[in-house]
Structure formats: structure tokens, C-alpha cells
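K.L.:
Before anything else, here's the structure in question.
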Amino acid sequence: MADPRETLLAGLMTSSKYRHLAPAALERTTDWALARHRKPGDALKAAKRKLHQGFGAYFDPGALEAVHRLLDQADETTDLQDLSTRILALHSSSAERLPVMDAFYTALWAEIGTPGHILDVASGLNPFALHAMHLPPECIYTALEIDNRLVEAANRFLLLSNQPGKAIWADVVSSLDDYDADVALVLKTLPCLEQEQSGAAIDLLKALAGTPIIVVSYPVRSLGGREKGMRETYLEQITTLSAQISRTMTVLPIEDELVTVLRHAPL
Ligand SMILES: C[S@@+](CC[C@H](N)C(=O)[O-])C[C@H]1O[C@@H](n2cnc3c(N)ncnc32)[C@H](O)[C@@H]1O
């Protein structure tokens with residue numbers, strides 16, 4: 001008889017909606033579903049529902065195709081700033097930051113210094129913000145992302161930009177390697193990870209123990225654009241999380257996003 005775990009996993013890995021997600025994420029979702037449902041059909045439905053809650057809302061496939069179409073048209077004569085602005089506008093999370101992108105990174109580097117190696121955790125379209133980061137040419141940029149269509153797009157853009165570094169297909173809830181970065185960007189991501197797996201936010205911050213500076217941000221408006229006390233709620237959450245990992249927290253003066261810088265507390 002077929003192994004139910006293998007069957008369920010194969011169902012997710014061949015699904016047009018979820019086959020782009022890192023295999024480790026499909027494995028942990030398979031285990032989560034099988035622990036709750038005995039019938040294989042019910043387990044598959046539950047796994048798909050869980051993945052839909054986690055990922056269905058972020059990227060419409062049309063937007064991802066548009067990203068690759070714009071990259072297909074690019075060559076060494078392309079204005080990369082114009083290209084990346086058009087791409088960043090394709091996703092709500094980065095589109096929201098677009099009007100203040102330059103000010104965002106200027107304020108961030110003023111607080112923490114220009115980094116030598118950035119680890120962008122759950123990067124989404126943020127690699128396309130490289131032009132606004134104004135990094136020195138030797139700065140390494142490593143991005144981790146669960147969706148390999150975004151990983152491929154980021155790698156195509158890194159090549160065009162001549163910035164050293166790469167995007168890596170990874171599920172940061174399952175594990176996190178040590179990349180020896182001096183700053184980790186965890187932008188608008190902890191609530192998503194927590195929805196995928198309870199406790200994922202603190203586990204990720206603990207796994208970043210070797211990284212001197214962690215920048216954690218949260219949205220302050222819902223997808224519909226309404227402010228519903230989100231800044232206060234998330235400020236409370238990150239205050240608790242930073243205390244749990246013995247880091248000090250500085251809040252940056254940025255209006256449209258709650259941006260915090262976590263450093264190891266002095267002994
Ligand atoms: C709300 S978006 C934020 C993107 C980016 N950090 C920004 O602020 O523009 C969340 C991103 O995290 C990615 N993601 C979600 N769960 C992940 C996981 N377990 N491992 C790696 N990436 C993940 C999603 O695919 C999506 O691109």
C-alpha cells in the first residue's frame with residue numbers, strides 16, 4: 001500500500017499552486033495535516049487550506065508572470081531603477097514602501113551603518129529595492145525566500161545589478177543556516193511566519209543569534225488600508241520578543257511601517 005505521507009507530499013509537490021514552495025515547507029505542512037486527519041483526502045484538503053491561508057493572499061500568479069516578463073525584456077541598456085520600480089509596484093508589501101523606499105534605507109543605514117553582508121529573510125520582491133539601498137559594490141546581499149519563482153527573479157536581477165550575493169530557495173520556519181551576515185532584514189514577515197507555525201517568530205529570532213543586528217518591521221495598515229491599532233499591537237509583540245532574546249530595541253522614525261532595530265544587550 002502507498003505510504004500516506006509520500007502520497008500527500010506528492011499531491012502538494014505536483015499542485016500547480018504549491019509546487020513553487022520550498023520542499024521543507026510542504027513536508028512540514030504534510031506532517032501537520034496527517035497529525036490531524038486520518039483520511040488521506042481530508043489531510044490533503046487541510047494541507048492545501050493551510051498553505052492557501054499562508055500564501056494564497058500574497059502573490060497572484062499574474063503578478064509573478066509580469067515580473068518575469070519585465071526581466072525577459074531587460075538587458076545591459078535597461079534603466080534598472082525604472083525596471084525595479086515597476087516590479088516593486090506589483091506587490092502590495094513592496095508597493096506600499098515604494099514612495100519612501102530611499103528614505104527608508106537612508107534612515108536605516110544612518111542608524112546601523114552601511115552593512116557588509118545583508119541577509120534578507122523572506123525577501124519577497126525586496127531584492128528589487130537594491131537601487132534604493134545604495135550599497136557599496138562589495139556588499140553581499142543574500143536573500144531567502146520560500147517561493148522559487150521569486151528566487152529566480154531575484155537571481156536574475158542580482159546578475160543584472162552586478163551586486164554580489166544570491167537568492168536561496170528556503171523555508172525559514174523549518175531551518176536557518178548561518179550566513180555570517182552582519183545584518184538580517186526581517187521585513188513585514190513575522191506575522192506570516194507565526195500564522196504558518198505558532199512560535200515561528202521567536203524561533204527565527206533565536207536562530208539569528210549570530211547576527212549582530214536584526215531589523216524587524218511590521219505593516220501598520222491592513223491590506224484594505226485601514227489602521228486598526230496595528231502599530232500598538234505589533235510594538236507590544238516585538239518589545240516582548242526582543243526581551244526574550246536579550247536584545248535592545250530601537251524604533252526608527254518611519255511613518256508607514258513599524259521598523260525596529262534589535263541589537264545584543266550589553267552584558
Ligand atoms: C509579506 S511578504 C514580505 C516581503 C518582504 N520581506 C518585504 O517586506 O517586502 C512575506 C514574504 O515571505 C515569504 N515567506 C513566507 N513564509 C516563508 C518561509 N517560511 N520561508 C521563507 N519565505 C517565506 C513569502 O513568500 C513572501 O514573499
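The values are calculated or read from the model by the stated rules, or taken from the named source; none is laboratory data. If you're wondering where the values come from, they're calculated on a predicted model, not measured in any experiment. Cβ atoms come from the backbone with ideal geometry, glycine included; neighbour counts cover every protein chain shown.
K.L.:
What residue, among those in the stretch 94-128 that are closer than 24 Å to ARG263 by Cβ, in contact with an Asp or Glu (Cβ under 7 Å, 6 or more places away or on another chain) and near the ligand (Cβ under 9 Å from one of its atoms), is modelled with the lowest pLDDT?
P.N.:
ARG97
K.L.:
Further, regarding this structure: Return the only residue of ARG149, ARG86 being within 12 Å of the ligand (Cβ to nearest atom) and not hydrophobic (A, V, I, L, M, F, W, C).
P.N.:
That would be ARG149, the only listed residue that is within 12 Å of the ligand (Cβ to nearest atom) and not hydrophobic (A, V, I, L, M, F, W, C).
K.L.:
With respect to ALA129, determine if the residue is under 19 Å from SER92 (Cα atoms) and more than 11 Å from the chain's Cα centre (by Cα).
P.N.:
The answer is yes for ALA129.
Condition check ((1) surrounded by 15 or more Cβ atoms within 10 Å (Cβ to Cβ); (2) in contact (Cβ under 8 Å) with a residue 60 or more places away in the chain) across all residues:
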position: ARG49; (1), (2): no, no
position: GLY54; (1), (2): yes, yes
position: ASP72; (1), (2): no, no
position: ASP82; (1), (2): no, no
position: THR85; (1), (2): yes, no
position: HIS91; (1), (2): yes, no
position: SER94; (1), (2): yes, no
position: MET101; (1), (2): yes, no
position: PHE104; (1), (2): yes, yes
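K.L.:
Is it the case, given these coordinates, that ASP180 is among the acidic types (Asp, Glu), touching a residue at least 12 places away in the same chain (Cβ under 8 Å), within 11 Å of the ligand (Cβ to nearest atom) and in a loop (DSSP other than H, G, I, E, B)?
P.N.:
Criteria not met by ASP180.
K.L.:
From the set of residues in the stretch 56-69 that are among the hydrophobic types (A, V, I, L, M, F, W, C) and surrounded by fewer than 19 Cβ atoms within 10 Å (Cβ to Cβ), which is farthest from SER161 (Cα to Cα)?
P.N.:
That would be ALA57.
K.L.:
Give the stretch 161-177 a look and list any residue that's more than 8 Å from the ligand (Cβ to nearest atom) and within 21 Å of HIS20 (Cα to Cα), or say none.
P.N.:
The answer is LYS166, ALA167, ILE168, TRP169, SER175, LEU176, ASP177.
K.L.:
Just the residues that are in contact with a Ser or Thr (Cβ under 8 Å, 6 or more places away or on another chain) and at pLDDT 95 or above, please, taken from the stretch 27-42.
P.N.:
Passing the criteria: GLU27, ARG28.
K.L.:
Tally the residues that are crowded, with 18+ Cβ neighbours inside 10 Å, out of contact with any Lys or Arg (no Cβ under 9 Å at 6 or more places or on another chain) and over 23 Å from GLU152 (Cβ atoms), restricting the search to the stretch 1-27.
P.N.:
1
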